[in-house]
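The structure under discussion appears below in the form of structure tokens.
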Amino acid sequence: MTLRSVERRSTFHGELHDFGEQIERMVMMVLLVCFGSIVAEGSVLQQVDWRVAAVAVATLAIVRPLAGWISLTSCGHPSGGRKADSVGVRHTGTGIDLLSRLRFRKGKVPGAETIWAIVLVIILTSIVFHGVAVTPVMRWIDNRRGVDSMKPKATPDVAA
């Protein structure tokens, strides 16, 4: 469905956007529950050694922030926005893509368990880091913007 820019301020467009975000959050929760069951089972994480950890740390600390920063340099975001966009729970799409590719190859990929271990460590580390860092980082960004993050936003009254 395509909405014209004229319709961006309409109530329906706002409700449709909110619905899309709710669906996205529900799908993310289902994926996180599935991810938790894989981690709890433990067989994939038995593949973790120092090389897997090194690749995961390099991906999270160097590759991902650099790729996010480069991709957002020309979009007009202030630098705080670029920094915030490179942090967060990501990589679930990587797991889904990896699953589909490995199923297509039907087990003919050498080192598939190691690849899975790297992806799972990256996702797990990203979840933990995001949970710890999100509040201080968002407060810092809000302070730089001059916004009181502790003050509730005023919601416009919508006539029925």
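The values are calculated or read from the model by the stated rules, or taken from the named source; none is laboratory data. All of these numbers come straight from a predicted model, not from anything done at the bench. When we count neighbours, we look across all protein chains shown, and the Cβ atoms used for this are built from the backbone with ideal geometry, even at glycine.
Counting only residues that are under 12 Å from L120 (Cβ atoms) and either modelled with pLDDT under 90 or outside any helix (DSSP H, G or I) (or both), how many does region 42-55 have?
Of the residues in that region, 7 qualify.
Go through (1) over 16 Å from I115 (Cβ atoms); (2) surrounded by fewer than 12 Cβ atoms within 10 Å (Cβ to Cβ); (3) hydroxyl-bearing (S, T, Y); (4) modelled with pLDDT of 75 or more one by one and return the number of the condition S71 breaks.
(2) is the only condition that S71 fails.
Out of (1) surrounded by 13 or more Cβ atoms within 10 Å (Cβ to Cβ); (2) at pLDDT 80 or above, what's the single condition that is false for P136?
With (1) surrounded by 13 or more Cβ atoms within 10 Å (Cβ to Cβ); (2) at pLDDT 80 or above applied to P136, the lone miss is (1).
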